[in-house]
Amino acid sequence: MYNLIATLRVLPEDTETDLKELEEIIRGLIPSHMELHKVEQEPIAYGLVALRIMVLTIDDASGSTDVLESSIQDLDMVSQVEVIDVRRTLG
């Protein structure tokens, strides 16, 4: 059972990046010990829009977001990835 929700901000390389395509690629990178909860678009500035990726994970070493962050950062269409929030889930 998942007991953490982590939110990652993914900044695309530029304003011309196809965010729908980027989202689909990221969906394919989610490790088996995580579940994609939600994807939102977040306007940053000057037409740049980031993706906020929320994943459910577990609270132990295998639940780390490091592998996911690294996989996303390796994409040519991504400028930056950062974890902006980690919270415990209720229930």
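The set of residues in the stretch 22-42 being of a type outside the set (A, V, I, L, M) and under 19 Å from Asp60 (Cβ atoms) consists of Pro31, Ser32, His33, Glu35, His37. Scan the stretch 13-47 for residues that are under 14 Å from the mean Cα position of the chain (by Cα) and in a loop (DSSP other than H, G, I, E, B) and jot them down. Result: Ile30, Pro31, Met34. Every condition in (1) modelled with pLDDT of 90 or more; (2) more than 10 Å from Ala6 (Cα to Cα); (3) more than 11 Å from the chain's Cα centre (by Cα) is met by Thr57 except one, and the failing one is (2).
Select, from Val49, Val39, the only residue that is in contact with a helix residue (DSSP H, G or I) (Cβ under 9 Å, 6 or more places away or on another chain), surrounded by 11 or more Cβ atoms within 10 Å (Cβ to Cβ), over 13 Å from Thr7 (Cβ atoms) and at pLDDT 95 or above. Working first, answer last.
On the way: Val39 fails: over 13 Å from Thr7 (Cβ atoms).
After ruling out the rest, the residue left standing is Val49.
Checked against the criterion of being surrounded by 15 or more Cβ atoms within 10 Å (Cβ to Cβ), of a type in the set (Val, Ile, Thr) and at pLDDT below 95, the candidates Thr7, Thr65, Thr89, Thr17 yield just one match: Thr65.
Quickly run through the stretch 48-90 and pick out the residues that are over 28 Å from Asp14 (Cβ atoms), among the hydroxyl-bearing types (Ser, Thr, Tyr), in contact (Cβ under 8 Å) with a residue 12 or more places away in the chain and part of a loop (DSSP other than H, G, I, E, B).
Correct list: Thr89 only.
The values are calculated or read from the model by the stated rules, or taken from the named source; none is laboratory data. Source: prediction; values computed, not measured. We place every Cβ from the backbone using ideal geometry, glycine too, and count neighbours over all the protein chains shown.
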